[in-house]
Amino acid sequence: MKFGYTIVYVPDVAASLAFFEKAFGFKQRFMTEQRDYGELETGGTILSFASHELAESHSKQGFVYCSQTEKPLGVELAFVTDDVQQAHATALKAGAVEIAAPMLKPWGQTVSYLRCPDGSLVELCTPMG
């Protein structure tokens with residue numbers, strides 16, 4: 001078994017791809033002609049976005065979308081960087097909302113939390129040990 005990718009269901013796939021490119025420096029890998037699914041090049045695992053409409057086609061029960069909640073959902077996307085302070089500031093300038101400013105954790109890792117315009121929760125952190 002291998003972890004292949006994460007899909008975040010969002011209101012506007014193109015807008016999420018553009019935000020993640022601007023805020024975190026990821027490059028767009030792919031987007032369908034319908035603009036209902038797109039992927040970012042993030043390293044070993046693909047981060048992708050799909051429209052609410054595409055999500056609904058997979059499940060008649062529907063979903064609770066992160067863009068519809070006042071508080072972030074209990075799932076986060078974690079990005080590892082050597083400079084959390086700079087990455088955090090860049091994401092804020094791109095339109096993210098601060099959940100927690102960069103802080104040094106007792107185990108030696110620097111971590112911050114942001115909420116993206118599409119509602120997704122992002123952790124920025126330095127590498128472990």
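The values are calculated or read from the model by the stated rules, or taken from the named source; none is laboratory data. These figures come from a predicted structure and were not determined experimentally. Positions of Cβ are backbone-derived with ideal geometry, glycine not excepted, and every protein chain shown enters the neighbour counts. Note: accessible area is taken over every heavy atom of the protein model, side chains too, but ligands, DNA and RNA are not part of it. Shrake-Rupley method; radii C 1.70, N 1.55, O 1.52, S 1.80 Å.
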When you look at residue 117, is it modelled with pLDDT of 95 or more, surrounded by fewer than 12 Cβ atoms within 10 Å (Cβ to Cβ) and in a loop (DSSP other than H, G, I, E, B), yes or no?
no
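Which one is most open to solvent (accessible area, probe 1.4 Å), of the residues in the stretch 1-44 that are of a type in the set (Phe, Trp, Tyr) and in a loop (DSSP other than H, G, I, E, B)?
3
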Taking residue 69, is it under 25 Å from residue 127 (Cβ atoms) and hydroxyl-bearing (Ser, Thr, Tyr)?
no
Part of a helix (DSSP H, G or I), open to solvent by 30 Å² or more (accessible area, probe 1.4 Å), without any contact (Cβ under 8 Å) to a residue 40 or more places away in the chain and over 25 Å from residue 2 (Cα atoms): is that true of residue 70 in this structure?
no
Looking at the stretch 103-114 only, could you name the residues that are among the hydrophobic types (A, V, I, L, M, F, W, C) and crowded, with 19+ Cβ neighbours inside 10 Å?
114
Test result for residue 100, open to solvent by less than 30 Å² (accessible area, probe 1.4 Å) and small (Gly, Ala, Ser)
yes
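Listed residues 106, 102; which is part of a loop (DSSP other than H, G, I, E, B), farther than 21 Å from residue 46 by Cβ and without any contact (Cβ under 8 Å) to a residue 24 or more places away in the chain? I'd like the intermediate steps shown before the answer.
Details: 102 fails: part of a loop (DSSP other than H, G, I, E, B).
Only one candidate qualifies: 106.
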